[in-house]
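The values are calculated or read from the model by the stated rules, or taken from the named source; none is laboratory data. Since the structure is predicted, the reported quantities are computational estimates derived from the model, not experimental observations. No Cβ is skipped: glycine too gets one built from the backbone with ideal geometry, and neighbour counts run over all protein chains shown.
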């Protein structure tokens, strides 16, 4: 089983800086201007730049679930477990 962690951040550069300094992670690759993969944990970690108020969705197999507007008032994340 692979574990994949997606974390929404309001600013990708500041998010990368935070996770590098706080947890010693390093950028493995950039996925365009709004996403980055970081390594250093047993799970793959992706930072996704998403602005407050944008609508998030999650897809598990063939089901899409609306999880409502994003909030950047706290550092929360949606953690997904994939096989």
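Quick notes on this structure:
- The residues of region 17-29 that are outside any loop (DSSP other than H, G, I, E, B) and surrounded by 13 or more Cβ atoms within 10 Å (Cβ to Cβ), listed by number, are 18, 19, 20, 27, 28.
- Any hit, region 31-39, residues being at pLDDT 70 or above, more than 18 Å from residue 3 (Cα to Cα) and surrounded by 10 or more Cβ atoms within 10 Å (Cβ to Cβ): yes
- Selection status of residue 58, surrounded by fewer than 16 Cβ atoms within 10 Å (Cβ to Cβ) and modelled with pLDDT under 95: yes
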